[in-house]
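The values are calculated or read from the model by the stated rules, or taken from the named source; none is laboratory data. What you are looking at is a predicted structure, and each value in this text was computed from that prediction instead of being measured. Here the Cβ positions follow ideal geometry from the backbone for every residue, glycine too, while neighbour counts run over all protein chains shown.
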Amino acid sequence: MESFLPLLDGFATALAGWNLLYCLIGVTIGMLVGILPGLGPTTGTALLLPITFSMEPVPAIIMLAGIYYGSLYGGTITSVLINTPGEAASVATCFDGYPMARQGRAGTALGVAAIGSFIGGTFAVISLVFIGPPLAEFALKFGPPEFFALMVLGLVMVVGLMGKSIIRGVISAVIGLTLSLVGMDPISGALRFTFGELHLMEGFDFVTIAMGLFGISEVLQGMEMSMHAEKPPKVGSLFPRREEWKPTLMAIARGTGIGCLTGLIPGSNAVIPTILSYTVEKKMAKDPSRFGKGAIEGVAGPETANNAYCGAALIPLFTLGIPSSPTIAVLFGAFIMHGLTPGPALFQSNANFVWSVIASMFIGNAILLIMNLPLARMWGKIATIPPKMLYPAIVIVSVLGAYSVSGSVWDIWVMIVFGLLGYVMKKLDIPMAPVVLTFVLGKMIESSLLQSLMYFKGDFLGFFHRPIAGTLLALAIVLLILAVVASVKNKRGMLADDAEV
Amino acid sequence: MLSIFASLFERMCHGVNNAGVWAGIVILVYAITIFYQSFSLDYSTRLGPGPGFFPRWLSGGLIALTLMYIWDSAKNTIISGSDLWPTGRALSTILSMLGGLVVFTTIVDYSGFVIAGSILLFAMFIRDYKWYTALGASVAIAVLLLFVFQSLLGVTLPVNEFGW
């Protein structure tokens, strides 16, 4: 209950004129990002991050978070209407959403998806309200060894889950860490790997790397494929039939649970809960043969799960300072850019900020419900924007964003190089997400490791003399071994891609 | 040890047209550079590990991982060099975009955003639209973006002596 009063304060801030407007702008852009094929939540947030440079932290994060969860709503519309997922988390929605649309029930699929997304998203934010403060308070007892162990565990989970090969995942993660070494050493202040280049004295900027890896590489890959816009079908009635309400609500309840639990796991992405939810619904159905032909649970479950995941994934960020997915890593970068350090102290040092962002997510979900139910057809039309118009727009916005980082063309060159790097990595099936996640955590990992080793007088086994750090590191070692075994047995499958990009 | 390197070299020779092997070699060169450079930094100080400690272990680990990756790529040819880059229209579309980006970045500080931005957009539009439509759209979008970013969002853009 002690979360209730700060949450009310948060609502007061989030409902204040400009913040409400930025929430509306964020979720609207998020809808667009989700609808337009080739743009996902990570690309969307990375591209628009520089626009928030001149903004205050509260509206900036409210807007970027709005883009994140808004995009998951948007992706549904194109999945249902034109069988084209706007972002990867909506792939499962195509399985039954599009058949429903062909049966003249596009409105019902969109209505159920919007209701499920609202319930899942809102429940996840409620979980954040109740789990966040006690978890953050517990994490305040953590010292550098515990944080180092926690970050190692998070990274092992990231490389263990992402990419089809463990070697490629670890290489990607280590490249991200080495990139974070460039510039001034956080402990001694020594300059490292600058090669005499003045621009490298402060290291690489997260924004340029994220925009290159996610924005430019996405455009390069999209330009290879010719995509054609399809005319969306009629929307029709928005609500399920009377006898469909019970299975729909049960699917929404299960999707909420699956999404919330998956969101807490670092290294997961929004595709995992949707596929899990779809599989669970199919297994629990009395007649599984309906799936793939327009089963309403096949839309309700996955759509709820991806929005619940999205809210729950913010719990590790707010409470432990650990980004669990590439989009959350971009939000992490935005926090740092605005002078805020995500982690347990955030609830104490910037309580109003945290509660305002949480409150804005309740408001954003409500706005999205209104936007989706009556306006679904209008959003569907936007999906017909041809890539030949979309990609130049993405490129020029990326260029402007990169330039605005330091007012220098250096950052544009860096973005181009990372764009090409991301393009090649995609072709070689090397996951990009670990690069960004380790880059963003690199300096923190290094400083916590060095501080711990100073404390242990150079004895690495000192980590195992502390119960929490030792347990976390042991868990990380076990998970790494399991991931290697799975890799050797070739058990890593479709859930392992850079899905959220 | 020598036989391992000999075997690796043999596999690399088999993988001349293997993009994975070439990517591995590039990463290996990068890792060796970081490893070599890390020796110019103190490994330890009076208080504990120094600025060279973490880079040396990381780059050492990256070298080992990359050798495993090269071995793996040479053993299981997954992507050939010709699959890495597109051909035909897709290649020329990508090259025109990259060319536009290079021209933009090279001239923007002298020409200002509107001219450089128009060239970049024109390079991307020209393949799908008539030249006058592409030119008109490019200039209009560049001017609009200058207004939105500079005047509305307060982001400083590179401009020429005329202010555009």
Test: B:Ile32 is part of a helix (DSSP H, G or I), at pLDDT 95 or above, at the interface with chain A (Cβ under 10 Å from one of its Cβ atoms) and closer than 18 Å to A:Phe193 by Cβ: no
A:Val129 being crowded, with 23+ Cβ neighbours inside 10 Å and in contact with a helix residue (DSSP H, G or I) (Cβ under 7 Å, 6 or more places away or on another chain): no
Test: residue in the stretch A:153-168 that is charged (D, E, K, R) and surrounded by fewer than 23 Cβ atoms within 10 Å (Cβ to Cβ): yes
Among (1) touching a Ser or Thr at 6+ places or on another chain (Cβ under 9 Å); (2) in a helix (DSSP H, G or I); (3) aliphatic (A, V, I, L, M), the one test that A:Ile396 misses: (1)
The stretch A:410-431: number of residues that are within 9 Å of chain B (Cβ to nearest Cβ) and in contact with a Phe, Trp or Tyr (Cβ under 7 Å, 6 or more places away or on another chain): 1
Test: residue in the stretch B:72-94 that is crowded, with 21+ Cβ neighbours inside 10 Å, in a helix (DSSP H, G or I) and assigned by TED's automatic domain parsing to the domain that holds B:Ala19: yes
Residue match in the stretch A:446-454 (condition: within 12 Å of chain B (Cβ to nearest Cβ), buried (at least 19 other Cβ atoms within 10 Å of the Cβ), more than 30 Å from B:Pro51 (Cα to Cα) and touching a Ser or Thr at 6+ places or on another chain (Cβ under 8 Å)): no
Selection status of A:Ala402, in contact (Cβ under 8 Å) with a residue 24 or more places away in the chain and either within 11 Å of chain B (Cβ to nearest Cβ) or more than 28 Å from A:Ser324 (Cα to Cα) (or both): yes
Single condition B:Trp57 does not satisfy, out of (1) part of a helix (DSSP H, G or I); (2) buried (at least 19 other Cβ atoms within 10 Å of the Cβ): (2)
Complete set of residues in the stretch A:23-52 that are within 14 Å of chain B (Cβ to nearest Cβ), surrounded by fewer than 24 Cβ atoms within 10 Å (Cβ to Cβ), over 17 Å from the mean Cα position of the chain (by Cα) and not polar (S, T, N, Q): A:Ile25, A:Ile51
Residue in the stretch A:186-203 that is at the interface with chain B (Cβ under 10 Å from one of its Cβ atoms) and within 27 Å of the chain's Cα centre (by Cα) present: no
Criterion: closer than 29 Å to B:Gln150 by Cβ and in contact (Cβ under 8 Å) with a residue 24 or more places away in the chain - qualifying residue of A:Phe463, A:Phe439, A:Phe418, A:Phe456: A:Phe418
Any hit, the stretch A:382-390, residues being surrounded by 19 or more Cβ atoms within 10 Å (Cβ to Cβ), more than 9 Å from every other protein chain (Cβ to nearest Cβ), assigned to a loop (DSSP other than H, G, I, E, B) and in contact (Cβ under 8 Å) with a residue 12 or more places away in the chain: yes
Checking A:Ala300 against (1) buried (at least 24 other Cβ atoms within 10 Å of the Cβ); (2) within 16 Å of the chain's Cα centre (by Cα), the condition it does not meet: (2)
Criterion: modelled with pLDDT under 85 and either part of a helix (DSSP H, G or I) or under 19 Å from A:Gly66 (Cβ atoms) (or both) - qualifying residue of A:Phe335, A:Phe347: A:Phe347
Those helices (runs of 4 or more DSSP H) lying entirely in the stretch A:10-119 with at least 3 residues modelled with pLDDT of 85 or more and over 26 Å from A:Glu224 (Cβ atoms): A:17-35, A:57-82, A:91-102
Selection count, the stretch B:35-54, where residues are more than 8 Å from chain A (Cβ to nearest Cβ), in a helix (DSSP H, G or I) and among the hydrophobic types (A, V, I, L, M, F, W, C): 1
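When you scan the stretch B:127-164, how many residues do you find that are of a type in the set (Val, Ile, Thr) and modelled with pLDDT under 90?
4
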Selection count, the stretch B:111-164, where residues are of a type in the set (A, V, I, L, M, F, W, C), in a loop (DSSP other than H, G, I, E, B) and within 11 Å of another protein chain (Cβ to nearest Cβ): 4
